[in-house]
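**Student:** One structure is given below, represented as structure tokens, and several questions about it will come after.
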Amino acid sequence: MTELKHRIEGIAAPLPIANLDTDQIMPKQFLHGIDKAGLDRGVLWDHRFTGDGRLKPDFVLNQPAYAGTRILLAGPNFGCGSSREHAVWGLQQFGIQAVIASAYGEIFYSNAMNNRLLAVLLAEEEVQALLDESRLGATPLRLVIDVARMTVESPAHRFAFTMGARHRTMFMQGLDMIGASLGHQRAIEAFAARHWEAQPWLKDVAGRTKARLDAQASTRAAG
Amino acid sequence: MTGRTLYRKLVDSHTVTRLDEQNVLLFCDLHLMNEYTSPQAFAGLHEQGRGVPMPAQNVSTVSHVIPTAPAEPTGHRIIRNPAAALQASNLRRNCVRHAIPLFDTDDALQGIEHIIAPEHGMIRPGMVVLCGDSHTTTYGALGALGFGIGTSEVEHVLATQTLVYRTAQDMRIRVDGRLPLGTTSKDLILMIISRISAQGARGHAVEFCGSAIDALSIEARFTLCNMAVEAGARGALIAPDQAAIDYVLARAPDIVGELRERALAHWARLASDDDAVFHAEHRFDASEVAPYVTWGTSPDQAMPVTGSVPAAEGAQRLSTEQALRYTGLAAGMPLEGLKVDHVFIGSCTNARIEDLRAVAKVVEGRRVAPGLRAMVVPGSGAVKAQAEAEGIARILIDAGFEWRQPGCSMCLAMNDDILAPGQRCASTTNRNFEGRQGRGAITHLMSPAMAAAAAIAGHITDVRKWNIASSESAA
């Protein structure tokens, strides 16, 4: 069973880039797998490495003090763009357990929740306050995120955040979502029967269309 | 009871059960899959010993990794990258195992998921359509609620034909007036995104309406709804009108006779009630639309082609600075005249037959500028065949364009169509993100006619000066 999880504590790396899209979080060359392995390598690749594959020493996640970063302090609309869940898998494999931002791309947010990568929503000023604190500190900022109490604590600040009850439970307890939905299997079947009774043109559209196109193609080939 | 929006009606009509205050279990009429966001979903399914109960409501295509180079002499399309080839063969194996229809690499109708689904009548008004691809918002053009999902959700849909869905807020975007000659729905959506920002519609399902929307062809509406996601929209809808119904019926030979009458009666109700309340509203005047071009690294960093690169100031200072550093532009530089190395015409946004007709109109009798590489990647096998039958392919080839095989291609450069660092591309795609078309490559988003004109001129140019009638506003 999945372990109970409610507290994330550790170094928060500042990454104040607006609209940091999932193409940047996980570039195309790392999307050729049929499993989830090895995606930690690709995380923020163009930010971490030069064109010829050398480490960029200035990038925050490459600085020795930020080794072991667990939290990203990110800009607004983090994870916008492509639906690729590889971005979330990669961040987790890289050791990131939580992201803090004032807004997220919606698909990224769902993907994060489905994988128990905590996506904390704070007000823009609150994120800015943490970024300022991070910038002024002599050592990397350390944060404590308590999901049970829904707070983010830094040495100087304590901010409350909100998240849906469902997402909170998913994060804390883990949840076999598919298993839970399969509990509704009879309701789904009954729904589908009613739905197709009312709108028969919605039933098996993909299957029927492909069969029709294949039949046309073979008639053409035969003719 | 107060009136409902079209979005609420679609959510309500697909709600199997309400899970809590925010979430419903939403039934999915059509689930599309590709080779790169589905493998881990199938693997998860197999690990748990779960099946696919409704395979005929699902369909797959090999779209993202497939090379677009002209076919081998054998007629076969060969994927030389072993990892990409494995993704394709893995998709085939998964589809065979679960009896899911597949447009395989060698299928003459293979293409981009968002192009093949509607062109063969698989998208119908009132549907909920899901796909592990963010541009699934495209289907709102036909009054179907479509949106992108992640791979965990792909697995959930495969196993249950439903999604745990958090409902969105309602936004209405009204556009009245006439699109000026030389502008298209691509220019309109770029203008809208530039005004409301890349997160302006976040959390919302957007309904487009108004006389300018009514006047758009269905293909132009696909482009509009496709890119609504670049403003963060969780869905985009246009109430189906006669044009949408005609489009669907022409492609759905099963909807005939009594079924047709019932469908028409059903579709007539697919509109927001007069007293429906929207959480947010925007209004735009179509006459303000000009040919739009992006100058930065986010789709909202766009302006009319007659504009000059903005200065980094105000709230956007940091992101503007960062974008200009990447795109190699400086404040005050005019967009017109900016030299491009590459032109790419393709993608789920702009690779339909009307797009290619608009390109051919600009290109006919002209030549691609020396030293510039220009590619056309039709959206599907059907689009390609039609363009060849209409003589469009000939015009493009004679002008010096590469006429390629269908696929997503250089929109995201997951196959071998990729730009070199520093190359500047005029592109009909949807995202100008850093590195999207290749590390260090610079993307300028624009309409097909604008990209075609750039290919001929060798630099970004205002297509309105070329005295070519717009196919869309002529419609």
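**Student:** Inspect all residues belonging to the range B:322-339 and state whether any of them is outside any loop (DSSP other than H, G, I, E, B), more than 17 Å from B:M191 (Cβ to Cβ) and small (G, A, S). Can you show your working first?
**Tutor:** Start the filter on the range B:322-339 by keeping residues that are outside any loop (DSSP other than H, G, I, E, B), which leaves B:322-327, B:334, B:339.
So of that shortlist, the ones also more than 17 Å from B:M191 (Cβ to Cβ) come out as B:322-327, B:334, B:339.
Narrowing further to those that are small (G, A, S): B:323.
Yes, because at least one residue in the range B:322-339 is outside any loop (DSSP other than H, G, I, E, B), more than 17 Å from B:M191 (Cβ to Cβ) and small (G, A, S).
**Student:** Mind checking whether some residue in the range B:151-166 is more than 8 Å from every other protein chain (Cβ to nearest Cβ), outside any loop (DSSP other than H, G, I, E, B), at pLDDT 95 or above and within 21 Å of B:R8 (Cβ to Cβ)? Break it down stepwise before answering.
**Tutor:** In the first step, residues of the range B:151-166 are kept if they are more than 8 Å from every other protein chain (Cβ to nearest Cβ); the result is B:154, B:157-158, B:163, B:165.
The next check asks that each one be outside any loop (DSSP other than H, G, I, E, B); those that pass are B:154, B:157-158, B:163, B:165.
Restricting the remaining residues to those that are at pLDDT 95 or above gives B:154, B:157-158, B:163, B:165.
From the residues that got through so far, the ones that are within 21 Å of B:R8 (Cβ to Cβ) too are B:163, B:165.
Yes, the range B:151-166 contains at least one residue that is more than 8 Å from every other protein chain (Cβ to nearest Cβ), outside any loop (DSSP other than H, G, I, E, B), at pLDDT 95 or above and within 21 Å of B:R8 (Cβ to Cβ).
**Student:** Of the conditions (1) assigned to a helix (DSSP H, G or I); (2) surrounded by fewer than 23 Cβ atoms within 10 Å (Cβ to Cβ); (3) within 16 Å of the chain's Cα centre (by Cα), A:R116 clears all except one; give me its number.
**Tutor:** Of the numbered conditions (1) assigned to a helix (DSSP H, G or I); (2) surrounded by fewer than 23 Cβ atoms within 10 Å (Cβ to Cβ); (3) within 16 Å of the chain's Cα centre (by Cα), the odd one out for A:R116 is (1).
**Student:** Another one. Check B:G177, B:G210, B:G203 and return the single one that is under 30 Å from A:S181 (Cα atoms), surrounded by fewer than 24 Cβ atoms within 10 Å (Cβ to Cβ) and not assigned by TED's automatic domain parsing to the domain that holds B:R464.
**Tutor:** Of B:G177, B:G210, B:G203, the one residue that is under 30 Å from A:S181 (Cα atoms), surrounded by fewer than 24 Cβ atoms within 10 Å (Cβ to Cβ) and not assigned by TED's automatic domain parsing to the domain that holds B:R464 is B:G203.
**Student:** Would you point out the residue of the range A:198-223, among those that are in a loop (DSSP other than H, G, I, E, B) and surrounded by 11 or more Cβ atoms within 10 Å (Cβ to Cβ), that is farthest from the other protein chains (Cβ to nearest Cβ)?
**Tutor:** Looking at the filtered set, the residue picked out is A:K203.
**Student:** Considering only the range B:286-307, state which residues are buried (at least 24 other Cβ atoms within 10 Å of the Cβ) and without any contact (Cβ under 8 Å) to a residue 40 or more places away in the chain.
**Tutor:** none
**Student:** Here's another thing I want to ask about it. What are the pairs with Cβ atoms under 9 angstrom where one residue, in the range B:313-332, is assigned by TED's automatic domain parsing to the domain that holds B:H444 and among the β-branched types (V, I, T) and the other, located anywhere, is modelled with pLDDT under 95 and part of a helix (DSSP H, G or I)? Sequence gap at least six, or different chains.
**Tutor:** B:T320/B:G314
**Student:** Name the one entry in B:G148, B:G182 that is modelled with pLDDT of 95 or more, under 27 Å from B:A302 (Cα atoms), in the same structural domain as B:V128 (by TED's automatic domain parsing) and among the small types (G, A, S). Spell out how you get there, then give the answer.
**Tutor:** On the way: B:G182 fails: in the same structural domain as B:V128 (by TED's automatic domain parsing).
Criteria check complete, one pass: B:G148.
**Student:** Still on this structure, I have one more. If you go through the range B:22-74, how many residues are out of contact with any helix residue (DSSP H, G or I) (no Cβ under 6 Å at 6 or more places or on another chain), surrounded by fewer than 24 Cβ atoms within 10 Å (Cβ to Cβ) and of a type in the set (V, I, T)?
**Tutor:** Residues flagged as out of contact with any helix residue (DSSP H, G or I) (no Cβ under 6 Å at 6 or more places or on another chain), surrounded by fewer than 24 Cβ atoms within 10 Å (Cβ to Cβ) and of a type in the set (V, I, T) within the range B:22-74 amount to 2.
Results for (1) surrounded by fewer than 24 Cβ atoms within 10 Å (Cβ to Cβ); (2) out of contact with any strand residue (DSSP E or B) (no Cβ under 9 Å at 6 or more places or on another chain); (3) not hydroxyl-bearing (S, T, Y), shown as yes or no for each residue.
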residue: B:S217; (1), (2), (3): yes, yes, no
residue: B:C225; (1), (2), (3): no, no, yes
residue: B:V229; (1), (2), (3): no, no, yes
residue: B:R234; (1), (2), (3): no, no, yes
residue: B:L237; (1), (2), (3): no, no, yes
residue: B:Q242; (1), (2), (3): yes, yes, yes
residue: B:I245; (1), (2), (3): yes, yes, yes
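**Student:** Kindly indicate the residue of the range A:15-28 that is in contact with a Lys or Arg (Cβ under 8 Å, 6 or more places away or on another chain) and assigned to a loop (DSSP other than H, G, I, E, B) and also farthest from the other protein chains (Cβ to nearest Cβ) among those meeting that condition.
**Tutor:** Only one residue tops the list, namely A:M26.
**Student:** Which condition number in (1) within 11 Å of chain B (Cβ to nearest Cβ); (2) free of Cβ contacts under 8 Å to residues at least 24 places away in the same chain; (3) of a type outside the set (F, W, Y) is the one that A:M170 fails?
**Tutor:** Answer for A:M170: the failing condition is (2).
**Student:** Tell me which of these B:R234 doesn't satisfy, since it passes every other one: (1) out of contact with any Cys (no Cβ under 7 Å at 6 or more places or on another chain); (2) more than 13 Å from every other protein chain (Cβ to nearest Cβ).
**Tutor:** Among (1) out of contact with any Cys (no Cβ under 7 Å at 6 or more places or on another chain); (2) more than 13 Å from every other protein chain (Cβ to nearest Cβ), B:R234 violates only (2).
**Student:** From the set of residues in the range B:75-86 that are within 12 Å of chain A (Cβ to nearest Cβ) and surrounded by 13 or more Cβ atoms within 10 Å (Cβ to Cβ), which is farthest from A:D35 (Cα to Cα)?
**Tutor:** Looking at the filtered set, the residue picked out is B:I79.
**Student:** Here is a follow-up. Using beta carbons and a limit of 7 Å, which pairs, at least six apart or on different chains, have the first residue in the range B:44-73 and away from every other protein chain (no Cβ under 11 Å) and the second one of a type in the set (S, T, Y) and crowded, with 23+ Cβ neighbours inside 10 Å?
**Tutor:** B:V62/B:T105; B:I66/B:T105; B:T68/B:S409
**Student:** Another question about this same structure. Filter the range A:29-46 for residues that are within 11 Å of chain B (Cβ to nearest Cβ) and either touching a residue at least 60 places away in the same chain (Cβ under 8 Å) or part of a helix (DSSP H, G or I) (or both); which is surrounded by the fewest Cβ atoms within 10 Å (Cβ to Cβ)?
**Tutor:** Looking at residues that are within 11 Å of chain B (Cβ to nearest Cβ) and either touching a residue at least 60 places away in the same chain (Cβ under 8 Å) or part of a helix (DSSP H, G or I) (or both), I get A:Q29.
**Student:** Go through the range B:373-475 and tell me which helices (runs of 4 or more DSSP H), entirely inside it, have 3 or more residues that are over 24 Å from B:S194 (Cβ atoms) and of a type in the set (V, I, T).
**Tutor:** In the range B:373-475, B:392-399 are the helices (runs of 4 or more DSSP H) which contain 3 or more residues that are over 24 Å from B:S194 (Cβ atoms) and of a type in the set (V, I, T).
**Student:** Ok, one more. Do we find that B:I115 is under 23 Å from B:R251 (Cα atoms) and outside any loop (DSSP other than H, G, I, E, B) in this structure?
**Tutor:** Numbers: under 23 Å from B:R251 (Cα atoms): yes; outside any loop (DSSP other than H, G, I, E, B): yes.
So B:I115 fits the description; yes.
Condition check ((1) part of a helix (DSSP H, G or I); (2) more than 14 Å from every other protein chain (Cβ to nearest Cβ)) across all residues:
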position: B:A201; (1), (2): no, no
position: B:E207; (1), (2): no, yes
position: B:L216; (1), (2): no, yes
position: B:E219; (1), (2): yes, yes
position: B:L224; (1), (2): yes, yes
position: B:I245; (1), (2): yes, no
position: B:L259; (1), (2): yes, no
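**Student:** Next question, about the same structure. Got a sec? Which of B:A228, B:A252 is within 10 Å of another protein chain (Cβ to nearest Cβ), touching a Phe, Trp or Tyr at 6+ places or on another chain (Cβ under 9 Å), in contact (Cβ under 8 Å) with a residue 24 or more places away in the chain and not acidic (D, E)?
**Tutor:** B:A252
**Student:** Condition (residue is within 9 Å of another protein chain (Cβ to nearest Cβ), surrounded by fewer than 24 Cβ atoms within 10 Å (Cβ to Cβ), among the charged types (D, E, K, R) and free of Cβ contacts under 8 Å to residues at least 40 places away in the same chain) applied to the range B:426-439: is it met by at least one residue?
**Tutor:** Looking through the range B:426-439, at least one residue is within 9 Å of another protein chain (Cβ to nearest Cβ), surrounded by fewer than 24 Cβ atoms within 10 Å (Cβ to Cβ), among the charged types (D, E, K, R) and free of Cβ contacts under 8 Å to residues at least 40 places away in the same chain.
**Student:** Still on this structure, please answer the following. So in the range A:166-197, with the set limited to residues that are outside any helix (DSSP H, G or I) and over 17 Å from B:V52 (Cβ atoms), which one is modelled with the highest pLDDT?
**Tutor:** A:G183
**Student:** May I pose another question? Take the residues of the range B:404-425 that are under 22 Å from the mean Cα position of the chain (by Cα) and free of Cβ contacts under 8 Å to residues at least 60 places away in the same chain: which is surrounded by the most Cβ atoms within 10 Å (Cβ to Cβ)?
**Tutor:** B:A413
**Student:** Here's a follow-up. Among the numbered criteria (1) surrounded by 14 or more Cβ atoms within 10 Å (Cβ to Cβ); (2) in contact (Cβ under 8 Å) with a residue 60 or more places away in the chain, which one does B:R283 miss?
**Tutor:** With respect to (1) surrounded by 14 or more Cβ atoms within 10 Å (Cβ to Cβ); (2) in contact (Cβ under 8 Å) with a residue 60 or more places away in the chain, B:R283 is out only on (1).
The values are calculated or read from the model by the stated rules, or taken from the named source; none is laboratory data. Keep in mind that what you see is a predicted model, and the values were worked out from it rather than measured. We place every Cβ from the backbone using ideal geometry, glycine too, and count neighbours over all the protein chains shown.
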